[in-house]
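S.K.: Mind looking over this structure? Questions follow.
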Amino acid sequence: MKPLYEKNAPDCECEELHTDVLEQKKQTMPDQNTLYDLSDFFKIFGDSTRMSILFAIDGEPLCVCDIAELLGMTKSAVSHQLKILRQSDLITYRKSGKNVFYSLADDHVRDIIEKALEHIKE
């Protein structure tokens with residue numbers, strides 16, 4: 001894995017602003033509310049327990065009992081994390097009798113995880 005920063009990265013020594021590029025960037029930058037929402041979205045992925053749950057339910061839906069057993073957690077702890085993932089629209093569920101089966105909400109969630117994995121494995 002690459003370091004997050006280089007200790008000896010060069011600083012820019014120019015004094016000139018690139019106004020044409022800056023104007024273009026100003027027009028395409030998301031507004032502050034959108035950036036805030038995006039930051040909150042990625043905070044959900046910043047928890048290893050939630051990431052484990054997302055991997056567990058990818059492909060084959062699982063119930064809380066199965067997830068808890070697979071991850072060595074209590075059902076209560078899993079349920080708490082599932083609630084956060086549901087509120088973020090990252091997972092969905094379906095009821096089957098007394099069981100509730102959880103799965104990824106859509107392929108976008110899988111794509112985000114796959115891209116992140118691809119990036120850290122570079």
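S.K.: Of all residues in region 61-91, how many are touching a strand residue (DSSP E or B) at 6+ places or on another chain (Cβ under 8 Å) and free of Cβ contacts under 8 Å to residues at least 24 places away in the same chain?
M.R.: Qualifying residue count for the region: 2.
S.K.: Inside region 54-86, can you point out the residues that are modelled with pLDDT of 95 or more, among the small types (Gly, Ala, Ser) and farther than 13 Å from VAL100 by Cα?
M.R.: Hits for region 54-86 are ALA56, ALA68, GLY72, SER76, ALA77.
S.K.: Let me ask something else. Please find, within region 70-105, the residue that is surrounded by the most Cβ atoms within 10 Å (Cβ to Cβ) out of those that are within 13 Å of the chain's Cα centre (by Cα) and part of a loop (DSSP other than H, G, I, E, B).
M.R.: Among those that are within 13 Å of the chain's Cα centre (by Cα) and part of a loop (DSSP other than H, G, I, E, B), it is LEU90.
S.K.: Confirm whether LEU38 is farther than 18 Å from ASN99 by Cα and aliphatic (A, V, I, L, M).
M.R.: Answer is yes for this residue.
S.K.: Counting only residues that are surrounded by 15 or more Cβ atoms within 10 Å (Cβ to Cβ) and outside any helix (DSSP H, G or I), which one in region 47-62 is nearest to the chain's Cα centre (by Cα)?
M.R.: The residue in question is ASP58.
S.K.: So in region 1-46, with the set limited to residues that are under 26 Å from LYS115 (Cα atoms) and of a type in the set (Val, Ile, Thr), which one is farthest from the chain's Cα centre (by Cα)?
M.R.: Filtering region 1-46 for residues that are under 26 Å from LYS115 (Cα atoms) and of a type in the set (Val, Ile, Thr), the one farthest from the chain's Cα centre (by Cα) comes out as THR28.
S.K.: Residues being within 30 Å of ILE84 (Cβ to Cβ), surrounded by 10 or more Cβ atoms within 10 Å (Cβ to Cβ) and of a type in the set (D, E, K, R): count how many of those fall in region 3-42.
M.R.: 2
S.K.: Here's another thing I want to ask about it. Would you point out which residue out of ASP11, ASP37 is part of a helix (DSSP H, G or I) and acidic (Asp, Glu)?
M.R.: Result of the check over ASP11, ASP37: ASP37.
S.K.: Sticking with this structure for a sec: List the residue pairs whose Cβ atoms are under 6 Å apart, where the first residue sits in region 94-122 and is under 27 Å from LYS75 (Cα atoms), the second is loosely packed, with under 12 Cβ neighbours inside 10 Å, and the two are 6 or more positions apart or on different chains.
M.R.: PHE101/ARG94
S.K.: Which condition breaks for ILE67 when tested against (1) in contact with a helix residue (DSSP H, G or I) (Cβ under 8 Å, 6 or more places away or on another chain); (2) assigned to a loop (DSSP other than H, G, I, E, B)?
M.R.: (2)
The values are calculated or read from the model by the stated rules, or taken from the named source; none is laboratory data. Here the structure is a predicted model, which means the values were calculated and not measured. Every residue, glycine as well, gets a Cβ built from its backbone with ideal geometry; the counts of neighbours run over all protein chains shown.
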